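Data first, discussion second: the structure below is written as structure tokens.
The values are calculated or read from the model by the stated rules, or taken from the named source; none is laboratory data. These numbers come from a predicted model, not from an experiment. Cβ: placed from backbone, ideal geometry, glycine included. Neighbour counts: every protein chain shown.
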Amino acid sequence: MKKYCIIFLIILTLNGCQTNTNISNNRTDIINKKVDSLLGIMTLDEKIGQMNQYNGFWDVTGPAPKNGDAKFKFNNLKKGLVGSMLNVRGVEEITALQKIAVEETRLGIPLIIGNDVIHGYKTLSPIPLAEAASWDLKEIENSARIAALEASAAGTNWTFAPMVDISRDARWGRVMEGAGEDPFLGSLIAAARVRGFQGDDLSKNHTIAATAKHFAGYGFSESGRDYNTVDVSKNTLYNVILPPFKATLDAGVRTFMNGFNELDGIPVTGSSFLQRDLLKGEWEFNGFVISDWGSIREMIPHGFARDGSHATELAIKAGSDMDMESHLYIKKIKELIEAKKLDIELVDDAVSRILRVKFELGLFDDPYRYLDAEREKEVINHPDNHKAVLEMAKKSIVLLKNENQLLPLNKSDQRIALIGALANDNNSPLGNWRTNSDNKTAVTVLEGMKAYPDNKLIYSKGADVNLNDDGVVKFHEKVKINDTDKSGFNAAKNAAKNADVVVMVLGEDGFQSGEGRSRTDIGIPGVQQELLEEVYKVNKNIVLVLMNGRPLNINWADKNIPSIVEAWQLGTQTGNAVAQVLYGDYNPSGKLPMSFPRSVGQIPIYYNYKNTGRPGPSNTVFWSQYNDQLNTPLYPFGYGLSYTSFEYSNLKIDNKNLTVGNSINVSVDLKNTGNYTGKEVVQLYIKDRFASVTRPVRELKGFEMISLNPGEIKTVNFEISETLLQFYSANEIWESESGFFDIFIGTNSNADLQESFELIK
């Protein structure tokens, strides 16, 4: 405790006050003075320690480690040579670690505790891609808030989320972790998630620091293969990849994470352009940058660094402030400074940034502010949390097809066959990136449907999805897909024969998407597709419920199955959400955040593509086309049906001329022409007809969720300003250019109601 008093006296002397994400100039000055004062009394070793993050390494309730890597880490912790820990969970463990850092080291600098809180802590929301399908920014923000409440109650004060990588390639497993293919939607969702995690006061013990990752370009990994090379133009970088990152910065995000990929021939961990010139320079970011797991050391196999010493030098000079599990900073920085290969000013800058965030979190005021065992018990898995994630799950479901109004199901007097291993799976629906949660805690679809007891429900597995032990896949383990066992087919067909409706729950195992889970074949995996076709032979009244972490190739199903529901991986309340949608207690309103391809050969596929000089179609072969497939996706970006129907009409624009500093209003009438109350996401797209660089055929620039009763009409208004039309131009700046623009409004990215205007500058 004596050592901790040094820090306490610094804080007291400077009359510190608590901070928030919108820190006033006065508060910023106070924190900067605290940082400078602390930095002034730190040794070089202590500074380097703040730049060092370790993964959890021993059972803190047991004896201290006596040998190996664990002993090395433990000794560094006691010496004050560790700035952060990750993957340490729960108040008991984190308290033990924080006590060592605060009470047994010379300066008593508290640890910042990081975890991958991606879509919840214990109580899990849908995977982020599914949440993006809701197009509901308030609900997405609330989902992040629930995650922060639980994580903070368990001692975590920093999450490695949100992932804001734009991706156009469904083969890449990490699409499940982001918001899809569109930078406009992705930017709004990114900002919402930051607000949810960080709240409006970062010093409160129910908020946690957020991380924008992966900076930058990771979602464009070649061939959709994880960790692969990225090679994009400056135009794509600025107009597609960077906007969500800038949105998180504007929302107050406190940390950035670099990535595993290279960009323009340089691993992003060693990119001075990204981290120093752009992020900390042009964008004036004053938080800190953490490497991804081992990414500093990985610059060696990339062929960018000679050895560990060189990798360390490159990373620090580039602006990577904290080393996640490379163990290089702690081993190499001091010798680089002594050899005059590294300036101490770079170390001081990195340490200042790390300390600043710790001060903002209030960790110096009270290092144990997040460590309350009673609060942990009270908050984790609270019924209100489950209620919130259920609401998020329902809003994330997308109705892809519903011929003959097979849905919603009748609530009585129907014989329903429920088929598919995933229908009775309480683990896979949790999705990937749920390492803080517990296995087998999802409500199954079978359980959800049993809540409607007035139908005759018969369940048959049909076939396993995976062949892993007990059906549970570990985070670092490959999924063993069932490609052979069809022993349950006959039982499934028998169950289907006499049913009025067959509900088949098929799709991916929860660990078939995520980091390191790239796929070349994105169809329904294993024998499940064959099961679907066999059941179809005996009963064509099939509702296909898809569980997956990426867009799938479902051409056969689209041609043959009358009703298709995209249910993604919805987290803890999966079964209740699916059942409530199937039975019509919730009318689906979700819209796709990624295009669904007709074939993997179309990938990358996205709505905001650019025209070629031969856009076609043409009666000759000499236009940009496939000879064996349509150019268009199976289901476009923004697509999603409802149990009711909507009619768009009366598109109006109040002024055909837009000038700088003014705006124009666009309106459209929306009518519910069906028999159910429903919600529709009205989408506004704009096309810049010509510019100094080629522009997409259309770009999302606005959307509004509207609820209508049967027969009800509402006028939906959008405001268009000059700033909405800005892009990264040939002048290499963000600007708009004079010229003509087309407006499209409708139910998805194929919206066909059209108007036009001219921007005059």
Open item on the list: Just checking: which of the strands (runs of 3 or more DSSP E) contained wholly in the range 670-761 hold 1 or more residues that are surrounded by fewer than 19 Cβ atoms within 10 Å (Cβ to Cβ) and more than 29 Å from the chain's Cα centre (by Cα)?
Closed with: 713-721, 739-746, 753-760
Open item on the list: Going through T715, T673, T694 one at a time, which residue ends up being more than 22 Å from T747 (Cα to Cα), at pLDDT 95 or above and outside the structural domain of S589 (by TED's automatic domain parsing)?
Closed with: T694
Task: Residue count for the range 253-278, restricted to those that are more than 22 Å from G303 (Cα to Cα) and surrounded by fewer than 19 Cβ atoms within 10 Å (Cβ to Cβ) - done: 1
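Tell me, which residue of the range 326-346 that is surrounded by fewer than 23 Cβ atoms within 10 Å (Cβ to Cβ) and among the β-branched types (V, I, T) is farthest from T43 (Cα to Cα)?
Going residue by residue through the range 326-346, those that are surrounded by fewer than 23 Cβ atoms within 10 Å (Cβ to Cβ) are 327, 331, 334-346.
Imposing the further condition that a residue be among the β-branched types (V, I, T) reduces the set to 337, 344.
On the way: I337: 13, I344: 11 Å.
Going through the qualifying residues, I end up with I337.
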Open item on the list: If I ask for residues that are basic (K, R), assigned to a loop (DSSP other than H, G, I, E, B) and over 30 Å from T747 (Cβ atoms), which ones from the range 387-423 would you list?
Closed with: none
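Can you tell me which residue in the range 197-206 is nearest to F596 (Cα to Cα), limited to those that are surrounded by fewer than 24 Cβ atoms within 10 Å (Cβ to Cβ) and of a type outside the set (K, R)?
Of everything passing the filter in the range 197-206, G199 is nearest to F596 (Cα to Cα).
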Task: Matching residues, the range 78-87, being on the phi < 0 side of the Ramachandran plot and either touching a residue at least 60 places away in the same chain (Cβ under 8 Å) or among the aromatic types (F, W, Y) (or both) - done: L81, G83, S84, L86
- [ ] Could you list, in sequence order, all residues of the range 77-98 that are of a type in the set (K, R) and either closer than 28 Å to D348 by Cβ or touching a Pro at 6+ places or on another chain (Cβ under 8 Å) (or both)?
- [x] K78, K79
TODO: Please enumerate the residues belonging to the range 340-386 that are part of a helix (DSSP H, G or I), polar (S, T, N, Q) and over 26 Å from I48 (Cβ atoms).
DONE: N385
TODO: Look at the range 221-272 and say how many of its residues are β-branched (V, I, T), closer than 28 Å to Y329 by Cβ and assigned to a loop (DSSP other than H, G, I, E, B).
DONE: 2
Task: Search result, residues across the range 701-757 that are among the aromatic types (F, W, Y) and under 22 Å from K591 (Cα atoms) - done: F703, F718, F744
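Condition check ((1) outside the structural domain of K358 (by TED's automatic domain parsing); (2) closer than 27 Å to K395 by Cα; (3) of a type in the set (S, T, N, Q)) across all residues:
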{"site": "G62", "(1), (2), (3)": "no, no, no"}
{"site": "P65", "(1), (2), (3)": "no, no, no"}
{"site": "L86", "(1), (2), (3)": "no, no, no"}
{"site": "T123", "(1), (2), (3)": "no, yes, yes"}
{"site": "K138", "(1), (2), (3)": "no, yes, no"}
{"site": "I146", "(1), (2), (3)": "no, yes, no"}
{"site": "W172", "(1), (2), (3)": "no, yes, no"}
Open item on the list: From the list E403, E374, exactly one residue is surrounded by fewer than 17 Cβ atoms within 10 Å (Cβ to Cβ) and in contact with a strand residue (DSSP E or B) (Cβ under 8 Å, 6 or more places away or on another chain). Which is it?
Closed with: E403
Open item on the list: For the range 38-55, give me the residue count where each residue is surrounded by fewer than 18 Cβ atoms within 10 Å (Cβ to Cβ) and farther than 11 Å from V351 by Cα.
Closed with: 5
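Take the residues of the range 40-96 that are outside any helix (DSSP H, G or I) and of a type in the set (V, I, T): which is nearest to W158 (Cα to Cα)? Full working, then the answer.
Here is the first cut: in the range 40-96, the residues outside any helix (DSSP H, G or I) are 41-43, 51-67, 79-90.
Add one more test, that the residue is of a type in the set (V, I, T), and what stays is 41, 43, 60-61, 82, 88.
On the way: I41: 26, T43: 26, V60: 20, T61: 23, V82: 16, V88: 12 Å.
Once the filter is applied, the top-ranked residue is V88.
Does T644 satisfy the criteria of being out of contact with any strand residue (DSSP E or B) (no Cβ under 8 Å at 6 or more places or on another chain), of a type outside the set (D, E, K, R) and either in a strand (DSSP E or B) or modelled with pLDDT of 95 or more (or both)?
On the way: out of contact with any strand residue (DSSP E or B) (no Cβ under 8 Å at 6 or more places or on another chain): no; of a type outside the set (D, E, K, R): yes; either in a strand (DSSP E or B) or modelled with pLDDT of 95 or more (or both): yes.
No: the conditions fail for T644.
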Open item on the list: Looking at the range 86-96 only, could you name the residues that are crowded, with 20+ Cβ neighbours inside 10 Å and within 20 Å of M51 (Cβ to Cβ)?
Closed with: L86, V88
TODO: Count, please, the residues in the range 388-424 that happen to be without any contact (Cβ under 8 Å) to a residue 60 or more places away in the chain and of a type in the set (D, E).
DONE: 1
